[in-house]
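As structure tokens, the structure follows; a few thoughts come after it.
The values are calculated or read from the model by the stated rules, or taken from the named source; none is laboratory data. From a predicted model like this one, the values you see are computed outputs, not experimental measurements. Cβ atoms come from the backbone with ideal geometry, glycine included; neighbour counts cover every protein chain shown. These accessible areas exclude ligands, DNA and RNA; they are computed on the full protein's heavy atoms, side chains included. Shrake-Rupley method; radii C 1.70, N 1.55, O 1.52, S 1.80 Å.
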Amino acid sequence: MTPIPSIPQKVVRITSGAPQDGSEVMPVTITVGTAGDMELQADGSWAIEVPEKPTRPIDLTMGSEFADDGWRAAGATIVRRLNTVIEHHPVRAKKHLVQITVPETATAENLRSLAIGLTVGGHTFVTTNRRRPAKVRRVHVVLPAGRETATLERALDAGSALGAATSLSRDLANAPANVKSPEWLATQARNVVQGIEGVKIRLRDEAWLKDKGFGGILAVGKGSTRPPYLIELVWDPEVVGKKRKRQTVVLVGKGVTFDTGGISIKPSQGMDTMRTDMTGGASVIAAFRTLAQRQVPRKVVALIPTAENMVGGNAYRPGDVVEHYGGITTEVSNTDAEGRMLLADAISYGTKKFKPGVIVSIATLTGAAKVALGLRTGAVFAKNWGVGVKLARRGSAVGERWWPLPMPDYLEESVDSSIADVRQTPKGPGATTAAMFLRRFSRDVPFVHLDIAGPGRAESTYDEVTPLGTGFGARTLIQWLMR
């Protein structure tokens, strides 16, 4: 059996307080100045600078949330550099402690960013039978003297939780496709939330999907020998005696465990990365786990429709008409637009069963979103511009960049089909019309769609990001719903 790491993998443990002594302490000092490389000092300690003024990589508003303070990148640099040091000192690695002294001007937001970078910056997924290299295991942050520490400690704790969610999403996304069947993903989702009080788990198999009429999920999964599933996770604070606040929210994440494109087959170059085509679903699972662990005072439902989009004699075809859950029919025009077929079923089911105040879908959905926004910014589609800006603000505060895009009324007719209710790939700007297609299944419930086709994968290392699956979206969903 393929020797993949246990999921979730362990992440860096962060503590805080007064300085600690010992021969195995590896001291690091963060200073304010011009951001630069981490350097070894004459006394054996390390030093790294963060910029005096935050940069503004995305200027959506003048809000400070959209500025990058450089602390995430610093945290990632620290843990990556010291990973290479301790890799060659396995005896020391068992006991070492990375101790970071921060400047007196450090804010709670700075320390939250630092904790995110420390947690995810060195997180990798390696499939091997060989002994894995030693890594940084513990980090201790020396808090500024004379400061009120409770707020700073909470910020470090929040950053650690956000980083752990990103790491879990990466683990699920980067698992190899020969292991990662829809059933495997369903089992992993169950395992990572099992035992959290107030959580209800239902794994809907192929027989249940057929009985209930989930035609979109079934169509995508027809070409594979490994049957599709619908993962259904529910967190209810009332089960643990907490009062609900606000209305129920339903999160829907695309869970395509491998995407060949089906009959509309993809080019072979780059197809190996399609094991990450369930990053949206992975981020929903990771966000849900953190929200339930931290007992967010609102009911949260996570739906992850999961299937393999394979080529086979039974695969669905361009020109097919598929009936979704709830009765809407879709004219199929491109089998490589499979994500929206899955999401449509889950959105229709989620709105009917749970009657939420808002439903949010997240997916590596369209190449058009990458063309529009590049590889580091996600697209937000919401009827209410203010909702899109609010979500973008919350995401930017935890290091995930978003940009709201429109769903103009004049494109609505393009979603209609002449031979079915809707057309799978309407004409027009592809990311926009895909979002408008999905909105048809929302039963007039307020709907937000997040397209992470660009930032959901990374080709290289930057800031706290490592290749391949990035876990993008998990932190945004947590930060949005915890507020």
Item to check | Residues that are without any contact (Cβ under 8 Å) to a residue 60 or more places away in the chain and either among the hydroxyl-bearing types (Ser, Thr, Tyr) or assigned to a strand (DSSP E or B) (or both), drawn from the stretch 133-168 | outcome: Thr151
Next on the checklist: Among the listed residues Ala458, Ala474, identify the single one that is in contact (Cβ under 8 Å) with a residue 60 or more places away in the chain, touching a helix residue (DSSP H, G or I) at 6+ places or on another chain (Cβ under 8 Å), closer than 21 Å to Ser113 by Cα and open to solvent by less than 10 Å² (accessible area, probe 1.4 Å).
Outcome noted: Ala474
Item to check | Residues (out of contact with any helix residue (DSSP H, G or I) (no Cβ under 9 Å at 6 or more places or on another chain), open to solvent by 40 Å² or more (accessible area, probe 1.4 Å) and over 27 Å from Arg401 (Cβ atoms)) located in the stretch 24-39 | outcome: Pro27, Thr29, Glu39
Item to check | Matching residues, the stretch 81-108, being crowded, with 19+ Cβ neighbours inside 10 Å and of a type in the set (D, E, K, R) | outcome: Arg81
Checklist outcome for this item: Selection over the stretch 246-298 where residues are under 24 Å from Val332 (Cα atoms) and touching a residue at least 40 places away in the same chain (Cβ under 8 Å) yields a count of 23
Checklist entry - Among the residues of the stretch 350-359, is there at least one that is at pLDDT 95 or above, aromatic (Phe, Trp, Tyr) and either in contact with a helix residue (DSSP H, G or I) (Cβ under 6 Å, 6 or more places away or on another chain) or closer than 22 Å to Ile265 by Cβ (or both)? => result no
Next on the checklist: Among (1) touching a residue at least 40 places away in the same chain (Cβ under 8 Å); (2) over 18 Å from the mean Cα position of the chain (by Cα); (3) outside any loop (DSSP other than H, G, I, E, B); (4) crowded, with 16+ Cβ neighbours inside 10 Å, there is one condition Gly388 misses while meeting the rest; what is its number?
Outcome noted: (2)
Checklist entry - Within the stretch 253-266, is even one residue under 15 Å from the mean Cα position of the chain (by Cα) and either under 30 Å from Ala155 (Cβ atoms) or open to solvent by 30 Å² or more (accessible area, probe 1.4 Å) (or both)? => result yes
Checklist entry - Of the conditions (1) hydrophobic (A, V, I, L, M, F, W, C); (2) over 22 Å from Asp409 (Cβ atoms); (3) modelled with pLDDT of 95 or more, Ala392 fails just one. Which one is it? => result (3)
Checklist entry - Is the stretch 239-256 home to any residue that is within 30 Å of Arg483 (Cα to Cα), among the hydroxyl-bearing types (Ser, Thr, Tyr) and either in contact with a helix residue (DSSP H, G or I) (Cβ under 6 Å, 6 or more places away or on another chain) or modelled with pLDDT of 95 or more (or both)? => result yes
Item to check | Condition check for Gly215: open to solvent by 10 Å² or more (accessible area, probe 1.4 Å) and in contact with a His (Cβ under 7 Å, 6 or more places away or on another chain) | outcome: yes
Checklist entry - How do the strands (runs of 3 or more DSSP E) wholly within the stretch 292-384 filter down when requiring 2 or more residues that are open to solvent by 10 Å² or more (accessible area, probe 1.4 Å): which remain? => result 321-323, 329-331, 377-382
Checklist entry - Taking the stretch 416-434 on its own, how many of its residues are among the β-branched types (Val, Ile, Thr) and either more than 28 Å from Arg376 (Cα to Cα) or more than 30 Å from the chain's Cα centre (by Cα) (or both)? => result 2
